[in-house]
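Below is one structure; the comments refer to it alone.
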Amino acid sequence: MPSNKEIVAAAFEKMAEGDPSLYLDMMADDIRYELVGDNSWGRIYTGKQAFREELGRPLMSRVEPPLKMRVTRILADGDHVILESAGENRTRSGEPYNNRYCMIMHMAGGKIVELTEYTDTDLVLRRLGDRVQPPEA
Amino acid sequence: MTTQETNTRIAKRFFECFDAQDLDGALALLADDAQFRVPGKPSESPSAGPYDKKRLRRLFERILQNIPDGVRMTFKSVIAEGDLVALEMEGLGKLSNGRVYNNEYVILFVIRDALIREVREYNDTLHAYNVWHAA
């Protein structure tokens, strides 16, 4: 069975190509996803559905798809994996959106059950503005 | 003691010294050519970017001049592998102008031969900007 580090590394190899499928697959349905920050994006998203609907959709309404993240460093210790990555993206209005991320993942049974994301929140607000829920398609 | 345990002690000691306003003690743990990266875009946030040891001392001195009682650093989690240590922390301090700096951090250290070689900090940069730089 692959290690937690190998599972996360494989998912983010796909993220570097703009394919989030493995990343979403490795999230537990009841994941606790915290985006650290005292702003409209910063909160705890409880469950994969809330992550996709309340974080993913507002994010992708501002960022030109596909969202790409390249791993710069990964370390693992027991049930935890820490991943540093660099985004290489543009907003839908054409501005560069090259943020950096550090994610702390708590793994169980090959799935992420808790994830805490640290990112440059100042850049998030400057480039993406406040989190706004887009209307249903 | 394993390498990870030794490295974890060094990483924690760095912030224990900072908490105690012992800058000499903190900086003695850094290699002479160590680099410390403060998060954010240097083009958009005055404090962001890479710091060498000399410049880091000036940054820490400026922080402590503005927070006379110091910044209380609380450890929340430690994750270590090989020469890497990640500390998750919360910092709390009150500036002379009355603003409260209460940030959350994950800080990654590269430690070799009992010296810190590289530090990469992640925090709520918007909170930092609003407390330290906003009008």
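The values are calculated or read from the model by the stated rules, or taken from the named source; none is laboratory data. Given the structure is predicted, the values throughout are model-derived calculations rather than measurements. So basically every Cβ, Gly included, is an ideal-geometry build from the backbone, and we count neighbours across all protein chains shown.
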Q: Working only within segment A:40-49, note down all residues that are surrounded by 16 or more Cβ atoms within 10 Å (Cβ to Cβ) and assigned to a helix (DSSP H, G or I).
A: A:Lys48
Q. Going through segment A:27-39 one residue at a time, which ones are surrounded by 14 or more Cβ atoms within 10 Å (Cβ to Cβ), more than 12 Å from the chain's Cα centre (by Cα) and either more than 22 Å from A:Val132 (Cβ to Cβ) or among the small types (Gly, Ala, Ser) (or both)?
A. A:Ala28, A:Ile31, A:Arg32, A:Gly37
**Q.** Residues located in segment B:34-53, provided they are touching a residue at least 24 places away in the same chain (Cβ under 8 Å), of a type outside the set (S, T, N, Q) and more than 10 Å from chain A (Cβ to nearest Cβ)
**A.** B:Ala34, B:Phe36, B:Val38, B:Pro46, B:Lys53
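Tell me the residue from B:Ile116, B:Ile79, B:Ile63 that is touching an Asp or Glu at 6+ places or on another chain (Cβ under 7 Å), surrounded by 15 or more Cβ atoms within 10 Å (Cβ to Cβ), of a type outside the set (S, T, N, Q) and closer than 29 Å to A:Asn98 by Cα, please. I'd like the intermediate steps shown before the answer.
Values: B:Ile116 fails: touching an Asp or Glu at 6+ places or on another chain (Cβ under 7 Å); B:Ile63 fails: touching an Asp or Glu at 6+ places or on another chain (Cβ under 7 Å).
Selected residue: B:Ile79, the only one of B:Ile116, B:Ile79, B:Ile63 that is touching an Asp or Glu at 6+ places or on another chain (Cβ under 7 Å), surrounded by 15 or more Cβ atoms within 10 Å (Cβ to Cβ), of a type outside the set (S, T, N, Q) and closer than 29 Å to A:Asn98 by Cα.
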(Q) I'm trying to understand the selection: among the residues of segment A:61-79, which are over 25 Å from B:Glu44 (Cα atoms), buried (at least 17 other Cβ atoms within 10 Å of the Cβ) and touching a residue at least 60 places away in the same chain (Cβ under 8 Å)? (A) A:Ile74, A:Leu75, A:Ala76
**Q.** Single condition A:Pro58 does not satisfy, out of (1) surrounded by 15 or more Cβ atoms within 10 Å (Cβ to Cβ); (2) in contact with a His (Cβ under 7 Å, 6 or more places away or on another chain)
**A.** (2)
Q. Across segment A:106-128, what is the total count of residues that are under 15 Å from the mean Cα position of the chain (by Cα), in contact (Cβ under 8 Å) with a residue 40 or more places away in the chain and within 10 Å of chain B (Cβ to nearest Cβ)?
A. 6
Q. Under the condition of being of a type in the set (D, E, K, R) and out of contact with any strand residue (DSSP E or B) (no Cβ under 9 Å at 6 or more places or on another chain), which residue from segment A:85-130 is nearest to B:Val38 (Cα to Cα)?
A. A:Asp122
Q | Yes/no for B:Val110 being within 14 Å of another protein chain (Cβ to nearest Cβ), loosely packed, with under 14 Cβ neighbours inside 10 Å and at pLDDT 95 or above | A | no
Q | Every pair of residues 6+ apart whose Cβ atoms lie under 8 Å, when the first sits in segment A:85-96 and is touching a residue at least 24 places away in the same chain (Cβ under 8 Å) while the second is of a type in the set (A, V, I, L, M) and outside any strand (DSSP E or B) | A | A:Ser85/A:Met15; A:Asn89/A:Leu67; A:Thr91/A:Leu128
(Q) What are the pairs with Cβ atoms under 7 angstrom where one residue, in segment B:77-89, is of a type in the set (S, T, N, Q) and the other, located anywhere, is assigned to a strand (DSSP E or B)? Sequence gap at least six, or different chains. (A) B:Ser77/B:Glu88
Q) Among the residues of segment A:43-78, how many are over 18 Å from A:Ala10 (Cβ atoms) and either within 14 Å of another protein chain (Cβ to nearest Cβ) or of a type outside the set (S, T, N, Q) (or both)? A) 22
